[in-house]
1. Quick check on packing: order 81-92, 29-40 by the mean number of other C-beta atoms within 10 Å, highest mean leading.
2. Could you give the length gained by full extension between residue 60 and residue 146, i.e. 0.36 nm per residue of separation minus their alpha carbon distance, to one decimal place?
3. Label 7 Å along Cα→Cβ of residue 18; the range 166-202 residues with amide nitrogen under 20 Å?
4. For a protection proxy built on the mean count of beta-carbon atoms within 10 angstrom, sort 55-68, 199-212 highest first, please.
5. By the gyration tensor of its Cα atoms, with a ≥ b ≥ c the square roots of the eigenvalues, what is the shape of the range 108-157: rounded for a/c under 1.5, prolate for a/b over b/c, or oblate?
6. Can you give the alpha-carbon Rg of the chain over 2.2 N^0.38 Å, where N counts its residues?
7. At a Förster radius of 30 Å, what calculated FRET efficiency corresponds to the Cβ-Cβ distance of residue 47 and residue 10, to the nearest 0.05?
8. Express the relative contact order of the chain as a whole percentage, based on alpha carbon pairs under 8 Å and six or more residues apart in sequence.
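Since every read-out is calculated from the coordinates, none of them should be taken as a lab result. In this text, all values refer to a predicted model and were calculated from it rather than measured experimentally. Here the Cβ positions follow ideal geometry from the backbone for every residue, glycine too, while neighbour counts run over all protein chains shown.
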Amino acid sequence: MNDVSIQEKALPSHRVINPSVLYFGTPVALITTMNPDGTPNISPMSSAWALGDRVVLGMSTGGQGSENAVREGECVINLAPAGLWEQVERLARTTARNPVPEYKAAAGYHHEPQKFGAAGLTPLPSDLVRPPRIAECPLQFEARIVAVHASGGEEWRAGSHHPFAIIETCVERVHVHDDMTISGTNYIDVSRWKPLLYVFRHYVAAGTDLGRTFKAEA
C-alpha cells in the first residue's frame, strides 16, 4: 500500500482563470435540417452528448438550424472527421437567416442559401427523416426531436429570448462508412475513427486508441 502522503507528492500548480468559452473539447457535429422553403440547411455545432438512444444538442436560438429542428421535429446529426475541418470553417460565418440578424451581421456573418455547395459537401437522402445526410461524415444519425428546453431549464418556445435551446433527440437510424466498422459486427473500429474536436475555439484532431473500458465488448 502506498503510504506517501499528498504533501510529499509532486503535484502540478494551479491558478484561477476566467476563460471566455468553456468548449473543453467536444466532437464537431453538422446538423442538417430543412428550411421553411424546403431547402436543406447545415448548422455546425459542438455541444452534444449521447446517452442510450438519445443525443442532446445545445443550439443557439438565433440560428435557423434550431428553429428548423424544433419546427420540423427532425434532423440528422452528422459527425465530422478531422480532415473536414476546413469545410466546417467555411460554414462558420454563414447563416440561412435572411435578412441576417444585426448581431450576426456585426460579427461578419453572411446569408448563404446553398450551404452544401458553399462548403463543398455532398447531400445523401435519409431513410426516415427529410433532412439529408452528409456523405463525407463517417457517422450520421437520423433523429427525431422529443423535447426542447430553454437555458435555465424552462420550457422553450418560439420567439423566446434565451440564448440557446437544449434539444433532446432520439436516434432512429445510424449510418456509418463501411470501412470504419468491424466486419460482420455492429461495432465502430475506433482505430479508424478520427473525430474533429472543437477545443477552446480551435479545431483539434483526435483518434488515438489508448485502451478500452471493462464495459466494452470484445
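1. 29-40, 81-92
2. 29.2 nm
3. Once the point is set 7 Å along Cα→Cβ of residue 18, 200-201 turn out to lie under 20 Å by backbone N, inside the range 166-202.
4. 55-68, 199-212
5. oblate
6. 1.15
7. Calculated value: 0.25.
8. Normalised by residue count, the contact order of the chain is 24 percent.
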